[in-house]
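The values are calculated or read from the model by the stated rules, or taken from the named source; none is laboratory data. Because the structure is a prediction, the values reported are computed rather than measured. Here the Cβ positions follow ideal geometry from the backbone for every residue, glycine too, while neighbour counts run over all protein chains shown.
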Amino acid sequence: TRSETELKSDNFKSGRDTGNNQPELIIVGDGPEREALESLTSRLKPKADSLKPQNIHFFGKKPKNEVLLLMRHAQFFVFPSVWYETFGLTVVEAGLQGVPALISNQSVAASFIKESETGLCFKTGDVDDLADKLVWAFSHPAEMERIGAQAKQDFEAKYSAEVNYQQLMTVYNTPFLCRISTVRS
């Protein structure tokens, strides 16, 4: 049998008519802010041209294979982190799926992309700049598809399992000298 995620993913991929020609927002994962986000969503009083509450979906925590399936069917991936994190693995996973990312410019993940070639950056914490990038992304689907294809090519060359294995083996097989010093008292 097919999982609930696979069925929902097929609906999103097929461009399901939501009755108001609005995009779908899929939020995957759990955390301390989920309940507050769901509450905020339920209280939205959208304008005619804004995202409708019924088009916002909270999927909760999902196994990696289901997350990747959802990513493959996404138009783009938004990484709105306000922290300079150690590594933006989800950005790499999206890129490997051929999905372009919109990334906050102060996160380390911003260093993974070439602006307008393999992704887009927006100013961290600047809702208007993010909104402008989202509008542009929705208005330029062919360009976003090109960016996603380039991201896939670029990320496969840098971050695929095969490439990482070869890099790791190079490190293991490279002799190095270690200098040990003793402290004399």
Checklist entry - Name the residues in segment 6-65 that are at pLDDT 55 or above, of a type in the set (D, E, K, R), surrounded by 11 or more Cβ atoms within 10 Å (Cβ to Cβ) and under 21 Å from Phe138 (Cβ atoms), would you? => result Glu24, Lys52
Next on the checklist: Considering only residues that are in contact (Cβ under 8 Å) with a residue 40 or more places away in the chain and of a type in the set (D, E, K, R), which ones fall in segment 146-157?
Outcome noted: Lys152, Asp154, Glu156
Next on the checklist: What are the pairs with Cβ atoms under 7 angstrom where one residue, in segment 23-45, is within 19 Å of Val67 (Cα to Cα) and the other, located anywhere, is among the charged types (D, E, K, R) and part of a loop (DSSP other than H, G, I, E, B)? Sequence gap at least six, or different chains.
Outcome noted: Val28/Lys62; Gly29/Lys61; Asp30/Lys61
Checklist entry - Which condition does Leu89 not pass, out of (1) modelled with pLDDT of 85 or more; (2) surrounded by 13 or more Cβ atoms within 10 Å (Cβ to Cβ), if it passes all the others? => result (2)
Checklist entry - Among the listed residues Phe122, Phe87, Phe79, Phe155, which satisfies the condition of being in contact with an Asp or Glu (Cβ under 8 Å, 6 or more places away or on another chain) and of a type in the set (Phe, Trp, Tyr)? => result Phe122
Item to check | Members of segment 95-123 found to be buried (at least 22 other Cβ atoms within 10 Å of the Cβ), assigned to a helix (DSSP H, G or I) and within 11 Å of the chain's Cα centre (by Cα), listed by number | outcome: Gly95, Ala109
Next on the checklist: Please go through segment 75-96 and give me each residue that is more than 15 Å from Thr118 (Cα to Cα) and hydrophobic (A, V, I, L, M, F, W, C), ordered by number.
Outcome noted: Val82, Trp83, Phe87, Leu89
